[in-house]
Amino acid sequence: MNNKKLLHKTTNSFLMYAVIILMTAAPVFYYICQWLYIYETDEVLLFHKGDFIKQSHQNYTADDIAAWNKYNQNITIVADMGVRKDSIVGKMLFEPEANEEEPFRILYAPVDINGKRYTYIEKRNLVEMEGMVFSVAAMFLFIIMILLTGIIWISKRLAATIWKPFYNTLSQIQDFEIDKNNPPHFISTDIDEFYRLNKSLERLIEKNTAIYKSQREFVENAAHELQTPLALFQTKIDTLQQLDLTREQSELVTSLNNDVSRINRLNKNLLLLSKIDNGIYPEQEIIVLNDYIEKHLDFFTEQAQPKNLTITTNLSNTLSIKGNKALAEVLLNNLFLNAIRHNVKNGVIEIVTEDSALKFINTGPEIPLTEQTIFNRFSKVNPSSQGNGLGLAIIKKICDISHWDIRYSFNNNLHIFELTF
Amino acid sequence: MRREDGLENKIQKISYTDRFYSVFLQNSFVNCNMKILIIEDEREIAQSIQAYFKTNGIQCETAENYNLSLTKIDSYDYDCILLDLMLPDGDGFDILKELKSKNKTEGVIIISAKENLETRLEGFNLGADDFLTKPFHLAELLVRMQALIRRKNFKGSNSIVFNEIVVEIFSKTVTVNDTKLDLTKKELDLLLFLIGNENKVLSKSAIAEHLSGDMADMLDNHDFIYAHIKNLKKKLTQAGSGDYIKTIYGLGYKWENE
């Protein structure tokens, strides 16, 4: 991703525009100055000529003209060169004082003195103009620099002030999580667009949080409400099985019994998930996982008996972690029962504690599970299994809210669930 | 999941102790004279409990609302009250308060669909003796109730006698014709559960859930009880007891006098 900041984008465009305008303006400015200067020079030349005629220089004799020519460096009267009307040309002439060629404007004009036609020639040095152009250019550069630093400085300042509420909003939205109870608090702003943005976001978040909350409560309420019909169901089955049943009827009642306890388990798990979602397990304490595992090993060994599983433990590292005790126990129970449930006959379960990790390693079907989906709710590898597809989702949820990490891997035909703290 | 946090353990301990007191002087005199009140707005649940308990000689009265419950509590003394917390015209907790204010000593078992730590704690604080979450097995309710009444009526006797079998509750010993049996904790628990539900067909799930306590909600396989049943049966018969544990094909087990 090569994303630029909004501010850089606008500043860059401004800078680009300014530079282009100034760059193109510079030569144009130069030529206009030059043209103006030449125009003014030409005006002066024509003015001088008009003055010459007005001063009645028509009365000059040939000697006067020679004398004029002798004392006037810039204006010379020469014999008619065939000039019909005033004409001005630009020419490079050698300037002895500067010892180099310099630009001149030269006026050729016909004048009549004592009835004889002469040509009036006046030249003016343009060298002063070069100096002026240099000063203009220097000034121009100076202005460009002031302008550019001004633009950069102002836009930087704008970043700090005008965009502040925007970036504040942005970072709050980034941190926002709908399942955590931390609604964003946008800072107030006097910029209409940002104000509207904040208001819309607030409304959006409020509405979605409300929907999310009612959805969560719905799950919890639904699960609670189901308890009563389940109780009816259960008590009636209990009553039914006291009757004198035929073999066929007994089998039906047994399977009903299994069904109701399955629904019950599912319901309890849904209730647990929604309770975790609703954050009713806030208490944190230090839990020694080894103690819990050792204490309940008998129970799980008993559960593993029908499959004749061998459970080995290597609990040499003491795992003392901080978290909610009830949830940690649910987590361990689920991991343990998971390893039993998905095991094969005469399989093994190995529980290993490491520095800050706990591993449940078990035999099972010799195909790896897909890590991406196993932790999803109701994702069942074996659709006919008695599990309700919530066990791993609960494990994941507990890890998420406790900031632990659960990973699955498949190695040497062994399924490994690794919990890191 | 029944466990909710550290405090929960305390509650669990209370109900675990109950299980050890599970049965009170079986079938001889206690059950016969027992009279309990079922406060439950679901009429059919109340009826099921009533029917199940009746065959064990327990007399049940029912009340499906708050006002009727108060009237009945005022008029009679019960051995035990089964209390649903959500009633159409009132709160079950108010009934507990009422009992307390009238210095009534009835044992109370809350049976509620609502299950969370706060409800439990409040129930216990208001004087309830046990808490059972719906749905429950009738067999479980029966032994919990027997245990409760046993504790309430305790008058020095602490043994359960079934023919040649004697269970000493406090010392947790079982003798058959004065021969001491070496039972595991689970086997003792199972024995008390079976005797307490004499003549009742107990499903595997009811037994499994009773034996696994707060882990019950997670178990999807109840086969582990076979081993316990088998061992208990063997130990009892080897000690010369009658074979009271009957296997009901497909369904489960039944404790039955031969």
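For the condition open to solvent by 80 Å² or more (accessible area, probe 1.4 Å) and either within 8 Å of another protein chain (Cβ to nearest Cβ) or on the phi > 0 side of the Ramachandran plot (or both), what is the one hit in A:262, A:196, A:203?
A:262
So that you can scan it fast, the table gives a plain yes or no per residue for (1) surrounded by fewer than 21 Cβ atoms within 10 Å (Cβ to Cβ); (2) assigned by TED's automatic domain parsing to the domain that holds residue B:57; (3) among the β-branched types (Val, Ile, Thr):
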site	(1), (2), (3)
B:146	no, yes, no
B:190	no, no, no
B:201	no, no, yes
B:221	yes, no, no
B:226	yes, no, no
B:243	yes, no, no
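Check off (1) open to solvent by 50 Å² or more (accessible area, probe 1.4 Å); (2) modelled with pLDDT of 90 or more for residue B:207 and give me the number that stays unchecked.
With respect to (1) open to solvent by 50 Å² or more (accessible area, probe 1.4 Å); (2) modelled with pLDDT of 90 or more, residue B:207 is out only on (1).
Given the conditions (1) facing chain B (nearest Cβ under 10 Å); (2) open to solvent by less than 60 Å² (accessible area, probe 1.4 Å); (3) not small (Gly, Ala, Ser), which single one is not true for residue A:248?
(2)
Quick check on this structure: which one of A:323, A:279 is crowded, with 20+ Cβ neighbours inside 10 Å, within 46 Å of the chain's Cα centre (by Cα), more than 10 Å from every other protein chain (Cβ to nearest Cβ) and in contact (Cβ under 8 Å) with a residue 40 or more places away in the chain?
A:323 is the lone residue from the list that is crowded, with 20+ Cβ neighbours inside 10 Å, within 46 Å of the chain's Cα centre (by Cα), more than 10 Å from every other protein chain (Cβ to nearest Cβ) and in contact (Cβ under 8 Å) with a residue 40 or more places away in the chain.
If I filter segment A:59-76 for residues that are surrounded by 15 or more Cβ atoms within 10 Å (Cβ to Cβ), part of a strand (DSSP E or B) and at pLDDT 80 or above, do I get at least one hit?
Scanning segment A:59-76, I find at least one residue that is surrounded by 15 or more Cβ atoms within 10 Å (Cβ to Cβ), part of a strand (DSSP E or B) and at pLDDT 80 or above, so the answer is yes.
Being under 25 Å from residue A:343 (Cα atoms) and at pLDDT 90 or above is the filter here, so list the residues in segment B:214-244 that pass it.
Listed by number, the residues that qualify are B:228, B:229, B:230.
Hey, among the residues in segment B:39-58 that are surrounded by 21 or more Cβ atoms within 10 Å (Cβ to Cβ) and either touching a strand residue (DSSP E or B) at 6+ places or on another chain (Cβ under 7 Å) or more than 7 Å from every other protein chain (Cβ to nearest Cβ) (or both), which one's nearest to residue B:99 (Cα to Cα)?
That would be B:39.
So which of B:49, B:58, B:36 ends up being in contact with a helix residue (DSSP H, G or I) (Cβ under 6 Å, 6 or more places away or on another chain), closer than 20 Å to residue B:137 by Cβ and modelled with pLDDT of 50 or more?
B:58 is the lone residue from the list that is in contact with a helix residue (DSSP H, G or I) (Cβ under 6 Å, 6 or more places away or on another chain), closer than 20 Å to residue B:137 by Cβ and modelled with pLDDT of 50 or more.
Conditions (1) away from chain B (no Cβ under 11 Å); (2) modelled with pLDDT under 90, marked per residue:
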{"position": "A:312", "(1), (2)": "yes, no"}
{"position": "A:317", "(1), (2)": "yes, yes"}
{"position": "A:333", "(1), (2)": "no, no"}
{"position": "A:338", "(1), (2)": "no, yes"}
{"position": "A:341", "(1), (2)": "no, yes"}
{"position": "A:344", "(1), (2)": "yes, no"}
{"position": "A:347", "(1), (2)": "yes, no"}
{"position": "A:350", "(1), (2)": "yes, no"}
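The values are calculated or read from the model by the stated rules, or taken from the named source; none is laboratory data. Every value quoted in this text rests on a predicted model; they were computed, and no experiment measured them. All Cβ positions, even for glycine, are placed from backbone atoms using ideal geometry, and neighbour counts span all protein chains on display. When the accessible area is computed, the model is the full protein with side chains, heavy atoms only, and any ligands, DNA or RNA have been set aside. Shrake-Rupley method; radii C 1.70, N 1.55, O 1.52, S 1.80 Å.
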